[in-house]
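Taking it in order: structure first as structure tokens, then the write-up.
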Amino acid sequence: MEYRYLNDDLTPDYLHTLTPSDRQALCKELREKIISTVSKNGGHLASNLGAVELTVALMSVFDYTKDKIVFDVGHQSYSYKLMTGRFSRFDTLRQEGGISGFPRRSESPYDSFDTGHSSTSVSAALGMARARDLSGGDEYVIAVIGDGAMTGGLAYEAINDLGHSGTKMIVILNDNEMSIDKNVGGMSKYLKNLRISSGYISAKRTTENFLAKNLPIIGKPIVKIILAIKNFFRFLINKQVPSMFEDLGLLYYGPIDGHDTEALIRALGAVKDLRHPVLLHVCTKKGKGYSFAENEPSSYHGVGPFDREVGVCKSNKLTYTGAFSGAMLDVAARNKKVVGISAAMAQGTGMDKFANKYPTRFFDCGIAEEHAVTMAGGLAVSGYIPVVAIYSSFLQRAYDEIIHDVCFMNNHVVFAVDRSGFVGNDGHTHNGLYDITYLNSVPNMKLLSPRDYTELRMCMDHAVNECDGPCAIRYPRGSSPYEERGPLYKDKVELLRPHILSDEGDGFVILSCGTIGYQCDKAITLLKTRGFNGKHISVTQVNPLPVDEILALTKANKIYTVEEGVVSGGMGEMFCNLVSSSHPQINVKVFAVEDPMIRAGSVDQQLKKAGLDAESITSRIIEDLKS
Ligand SMILES: Cc1ncc(C[n+]2csc(CCOP(=O)(O)OP(=O)(O)O)c2C)c(N)n1
């Protein structure tokens, strides 16, 4: 396609002077560029397609060089990137050294805040609005948040504060009725009621006319009058109680068709100079403009490369998530006390199969990791065995709840920590590099790091049926590099012991946990060809670490620990601490992730950058042994 509007030099002045038909053509180009790039590189397709007109409207009203737009999660920011100087580099989206799939301040001066995790936008934007007020600035501050992100507690904390602050700021609620899966919870029902209330739209128009006539400067007393008028109309027409947002101190405005660019521009123009916090409710369709994505928005939320004529083909290849999904069904069939919990990621974590089979035993809390963990604590003290499946990077958010509501009480909660280690193209915000550190340091927590599907299934069985306190199982994204095999160990006691996986001699030991063991086995073979003979010992149980049993397997005084996690507080550091006083003759070198900010790329590229692929491990060991 020939792009007539999109280029790297779209200034705010240019964007402000476009005509409605120009804007329509621009939206078409944006959709085309997004579909063609994501079909080649993978990415967040459906959310971006749904936000095209909204972003064009924002760029038509605000000055992106001065005003601050904070995109919640940031997975819908592709149109914004394309209009703020990144069009010609957009083909590198999510590739090593390329354009990030999320806003990044290091990438562009026009990305106001780094995002990737949900529900942060209103807090961050309120910080910016308060800073503006303190320094006497006049820029506009806008948070764009989805109805899914609105299920996260942080968003409520921020809205509560924003309403009370009375600060001039706009929250755009991009409501497509979807999180990744169908949105859940009372807020979602509440928004639906607001949407379908056609009488309310008439009242809204009245307000729109009122605002249009009385702009640009409307102060607090006038806002009170506006609210009174709106509530009066709404009461006459609908007999509804005022909107929850208004009760919290925001001026609610909407709902507006989020694919009608001109209506959006009118609405933004009407509210932008109110000296008051405003919530603009915008309704969009996830996947808009690409029929496959419109029909199946969940499947097109985040996708790998695909053929745009055919759509995404689902792979039947087993993954760690799939192995967990099967193991969950297995433990649930044998024990009726097992319940499942997800934080808006039933499909992503493989909990969906359990949810379909045992709907009354499954709880999707929305994007609410903290609540999910504390609720698990409540279920556990009441005699149930909750399995909480959350990605490693998102579980970070529930750290206090893990400590305070689960581990201090030694509650029997099983944590299925998916996406541990490098995740690839989503980049550093989504890498699961901290889980060993944050789970190791908590009292009573048992931490398991299975290497392959068989071990993962055994770990689930152990965690549910043999533990009586908290147990976390960490496993990576994608498919196992190991072949499927039958049970390697005769019982779970054996599973939890360290194992010699490759044995080429006693010159040195590589000690690893989890899937990174695959790289270590390859390194042992490579090292042998270079004349260095050692063995590889793998541990499944990272905490408590079976140090004496590890040392009983070797006489070597040179031990290299290898893990896919940060150095500080990791397995290697823990091993070092435990052996340094009792075995001073042993020299330990820790190979872990020294730079947790390693950006997007394939997992192989990320491992290489971290020095944790087989070749890098090999050369690091040779260098050390020679020195
Ligand atoms: C703390 C956290 N938990 C989970 C996720 C995974 N996640 C990414 S986008 C998303 C759904 C967001 O829904 P919504 O805000 O409505 O945006 P939409 O994709 O529908 O446009 C989820 C659950 C995340 N990014 N952050």
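The values are calculated or read from the model by the stated rules, or taken from the named source; none is laboratory data. Quick caveat, the model's predicted, so the values are computed rather than measured. Counting neighbours? That spans all protein chains shown, and the Cβs are built from the backbone with ideal geometry, glycine included.
Across the range 437-450, what is the number of residues that are assigned to a helix (DSSP H, G or I) and β-branched (Val, Ile, Thr)? Matching residues across the range 437-450 total 1. Report, by residue number, each residue of the range 572-627 that is part of a strand (DSSP E or B) and either without any contact (Cβ under 8 Å) to a residue 24 or more places away in the chain or touching a Leu at 6+ places or on another chain (Cβ under 7 Å) (or both). Phe591, Val593 - these are the residues of the range 572-627 that are part of a strand (DSSP E or B) and either without any contact (Cβ under 8 Å) to a residue 24 or more places away in the chain or touching a Leu at 6+ places or on another chain (Cβ under 7 Å) (or both). Among residues that are under 24 Å from the mean Cα position of the chain (by Cα), closer than 30 Å to Gln24 by Cβ and crowded, with 20+ Cβ neighbours inside 10 Å, Pro386 is not included. Selection of the range 451-491 for residues being touching a Cys at 6+ places or on another chain (Cβ under 9 Å), assigned to a helix (DSSP H, G or I) and among the hydrophobic types (A, V, I, L, M, F, W, C) yields Cys459, Ala463, Val464.
Screening the range 373-403 for residues that are in a helix (DSSP H, G or I), of a type in the set (Gly, Ala, Ser) and closer than 18 Å to Met460 by Cβ and picking the one that is farthest from the ligand (Cβ to nearest atom) gives Ala380. Scanning the range 157-186 for residues that are touching a helix residue (DSSP H, G or I) at 6+ places or on another chain (Cβ under 9 Å) and closer than 19 Å to Ile341 by Cα turns up Met178, Ser179, Ile180, Asp181, Lys182, Asn183, Val184, Gly185. In the range 294-311, the residues that are without any contact (Cβ under 8 Å) to a residue 24 or more places away in the chain reach residues that are in a loop (DSSP other than H, G, I, E, B) and away from the ligand (no atom under 13 Å from the Cβ) with C-beta atoms within less than 8 angstrom, at least six apart or across chains, in these pairs: Ser299/Val312; Ser299/Lys314.
Taking the range 276-369 as the region of interest, the helices (runs of 4 or more DSSP H) fully inside it that hold 2 or more residues being within 14 Å of the ligand (Cβ to nearest atom) are 291-295, 346-349. Within the range 122-135, not a single residue is surrounded by 24 or more Cβ atoms within 10 Å (Cβ to Cβ) and in a loop (DSSP other than H, G, I, E, B). More than 13 Å from Val144 (Cα to Cα), touching a strand residue (DSSP E or B) at 6+ places or on another chain (Cβ under 7 Å) and not polar (S, T, N, Q): does that describe Gly116? Answer is no for this residue. Take the conditions (1) modelled with pLDDT of 90 or more; (2) of a type outside the set (Ser, Thr, Tyr); (3) within 12 Å of the ligand (Cβ to nearest atom); Glu157 misses just one of them, which is (3). When Asp67 is tested against (1) on the phi > 0 side of the Ramachandran plot; (2) more than 16 Å from the ligand (Cβ to nearest atom), just one condition goes unmet, and that condition is (1). Residues that are acidic (Asp, Glu) and surrounded by fewer than 17 Cβ atoms within 10 Å (Cβ to Cβ) within the range 495-521 comprise Asp503, Glu504, Asp506, listed in sequence order. Apart from one condition, Tyr140 fits all of (1) more than 16 Å from the ligand (Cβ to nearest atom); (2) of a type outside the set (D, E, K, R); (3) free of Cβ contacts under 8 Å to residues at least 60 places away in the same chain; the exception is (3). I'm checking my understanding of the structure. Among residues of the range 138-192 that are among the polar types (S, T, N, Q) and assigned to a loop (DSSP other than H, G, I, E, B), which one is farthest from Ser112 (Cα to Cα)? So the residue we want is Asn183. For the range 224-273, give me the residue count where each residue is touching a Phe, Trp or Tyr at 6+ places or on another chain (Cβ under 9 Å), outside any helix (DSSP H, G or I) and at pLDDT below 65. Matching residues across the range 224-273 total 3.
Among the candidates Pro443, Pro481, Pro476, the residue that is out of contact with any Pro (no Cβ under 7 Å at 6 or more places or on another chain), closer than 17 Å to Gly514 by Cβ and surrounded by fewer than 20 Cβ atoms within 10 Å (Cβ to Cβ) is uniquely Pro481. Of all residues in the range 496-512, none are free of Cβ contacts under 8 Å to residues at least 24 places away in the same chain and assigned to a loop (DSSP other than H, G, I, E, B).
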